[in-house]
Amino acid sequence: MAAAAFILGYTNIILPDPYGMERVMTFSRKVTCPYCGAVDRIPAEQFNDALQCASCEKSIFGARPVELTGSDFGTAIEASDIPVLVDFWAPWCGPCKAMAPGYEQAALALESRVKFAKLNTDDAQDIAQQFDIRSIPTMILFRDGQEVARHSGAMMAGDIERWVTEHVAAD
């Protein structure tokens, strides 16, 4: 019988083979490139912070949040096999500006486990309305295109890291 183990969110299935040895089948994950929007499928054993996009050859995890627009929002959220945290913000918002450095620090600390993104609600009002954003900054954590957690209000880097880690681990 096959056993399953979860390593960094990957499912590894251990299968017995006819010679009494065990084989491990590792699955890959899809990640959207922040630069060209290509969806790259990455084998679990190659998943690390130094990944490069197969299309544009830029770093997939650039240690910074990805700027999303209304046109690429859906693809970025739905095509990713790793959780995506989106900061809904606006350039005129004082708390948004205050939280931005902490959000970037959290992105650096959690990259390759969680994709960090930002969406300007002034430029993508339809998306903000779709997700019922009533105050900013609001962070929404998505997994498999579905909302799994939400927080409204500014947070510091450590608080963001703890909040995200708690919800990723619980998922």
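Restricting attention to segment 123-163, and to residues there that are farther than 16 Å from Pro65 by Cα and hydroxyl-bearing (Ser, Thr, Tyr), which single residue is farthest from the chain's Cα centre (by Cα)?
Out of the qualifying residues, it is Ser135.
If we keep just the residues of segment 81-96 that are open to solvent by less than 40 Å² (accessible area, probe 1.4 Å) and assigned to a strand (DSSP E or B), which is farthest from Glu111 (Cα to Cα)?
Here the residue is Phe88.
Given (1) assigned to a loop (DSSP other than H, G, I, E, B); (2) farther than 23 Å from Ala38 by Cβ; (3) touching a residue at least 12 places away in the same chain (Cβ under 8 Å), where does Asp126 come up short, assuming only one miss?
(1)
Does any residue of segment 101-119 turn out to be touching a helix residue (DSSP H, G or I) at 6+ places or on another chain (Cβ under 8 Å), charged (D, E, K, R), under 16 Å from Arg162 (Cβ atoms) and in contact (Cβ under 8 Å) with a residue 60 or more places away in the chain?
Among the residues of segment 101-119, at least one is touching a helix residue (DSSP H, G or I) at 6+ places or on another chain (Cβ under 8 Å), charged (D, E, K, R), under 16 Å from Arg162 (Cβ atoms) and in contact (Cβ under 8 Å) with a residue 60 or more places away in the chain, which makes the answer yes.
Please count how many residues of segment 107-127 are farther than 14 Å from Ile77 by Cα, of a type in the set (A, V, I, L, M, F, W, C) and in contact with a strand residue (DSSP E or B) (Cβ under 8 Å, 6 or more places away or on another chain). Spell out how you get there, then give the answer.
Of segment 107-127, the ones farther than 14 Å from Ile77 by Cα are 107-113, 120-126.
If we keep only those that are of a type in the set (A, V, I, L, M, F, W, C) too, we end up with 107-110, 124.
Those left that are additionally in contact with a strand residue (DSSP E or B) (Cβ under 8 Å, 6 or more places away or on another chain): 107, 110, 124.
Result for segment 107-127: 3.
If I ask for residues that are open to solvent by less than 50 Å² (accessible area, probe 1.4 Å), of a type in the set (A, V, I, L, M, F, W, C) and more than 11 Å from Pro83 (Cβ to Cβ), which ones from segment 141-169 would you list?
Met155, Ala157, Ile160, Trp163
If you go through segment 111-122, how many residues are modelled with pLDDT under 95 and either of a type outside the set (A, V, I, L, M, F, W, C) or more than 11 Å from Pro65 (Cβ to Cβ) (or both)?
Here is the first cut: in segment 111-122, the ones modelled with pLDDT under 95 are 111-117.
Then keep just the ones that are either of a type outside the set (A, V, I, L, M, F, W, C) or more than 11 Å from Pro65 (Cβ to Cβ) (or both); that gives 111-113, 115.
Residues in segment 111-122 being modelled with pLDDT under 95 and either of a type outside the set (A, V, I, L, M, F, W, C) or more than 11 Å from Pro65 (Cβ to Cβ) (or both): 4 in total.
Going through Pro137, Pro65 one at a time, which residue ends up being more than 22 Å from Arg41 (Cβ to Cβ), modelled with pLDDT under 90 and open to solvent by less than 60 Å² (accessible area, probe 1.4 Å)?
Values: Pro137 fails: modelled with pLDDT under 90.
Residue meeting the stated conditions: Pro65.
The values are calculated or read from the model by the stated rules, or taken from the named source; none is laboratory data. Bear in mind the structure is a predicted one, so any value in this text is a computation, not a measurement. FYI the Cβ positions are ideal-geometry reconstructions off the backbone, even for glycines, and counts take in every protein chain you see. Accessible surface is based on the protein model in full, side chains and every heavy atom, while ligands, DNA and RNA are left aside. Shrake-Rupley method; radii C 1.70, N 1.55, O 1.52, S 1.80 Å.
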